[in-house]
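See below for the structure under consideration.
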């Protein structure tokens, strides 16, 4: 299974696009600390997480460097959602274990509080 077989276009390395309901969504594998910081805000605002509950940007940096993934979706250049997963091995086979995913509701714009 590949992104292309699922209807995604791959405009560049570690990025995919797909048009859903007439709107183009850009999906990217993130690797830089500055890209992870908005995901902290997403966790706090949408999930109601406290600073003690969030998975911090510094931890996401480690994920991206040790076989895990941090993926984000963007609509019109704005973060629409994100997920992170741990990488590892089970019985000698590589595995990805999804830990968290959050998506901004339509009624909430990034940077604002929920209605």
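For the range 14-32, filtering for residues that are within 22 Å of residue 86 (Cβ to Cβ) and surrounded by fewer than 13 Cβ atoms within 10 Å (Cβ to Cβ) leaves 2.
Give all pairs with beta carbons closer than 6 Å in which a residue from the range 13-42 that is on the phi > 0 side of the Ramachandran plot meets a residue that is in a strand (DSSP E or B); count only pairs at least 6 apart in sequence or on separate chains. Close Cβ pairs satisfying both conditions: 14/29.
Of the residues making up the range 79-105, those that are exposed (fewer than 15 other Cβ atoms within 10 Å of the Cβ) and in a loop (DSSP other than H, G, I, E, B) number 3. Filtering the range 52-78 to residues that are surrounded by fewer than 16 Cβ atoms within 10 Å (Cβ to Cβ), under 16 Å from residue 26 (Cα atoms) and touching a strand residue (DSSP E or B) at 6+ places or on another chain (Cβ under 9 Å) leaves 75, 76, 77. Checking every residue in the range 66-78 against the condition of being more than 21 Å from residue 4 (Cα to Cα), part of a strand (DSSP E or B) and modelled with pLDDT under 95 gives at least one match. Checking every residue in the range 29-45 against the condition of being assigned to a strand (DSSP E or B) and within 25 Å of residue 4 (Cβ to Cβ) gives at least one match. Is it true that residue 88 is over 20 Å from residue 15 (Cα atoms), out of contact with any strand residue (DSSP E or B) (no Cβ under 7 Å at 6 or more places or on another chain) and without any contact (Cβ under 8 Å) to a residue 24 or more places away in the chain? Judged against the criteria, residue 88 is not a match.
The values are calculated or read from the model by the stated rules, or taken from the named source; none is laboratory data. Because the structure is a prediction, the values reported are computed rather than measured. Cβ sites come from the backbone with ideal geometry, for glycine too, and all protein chains shown count toward neighbours.
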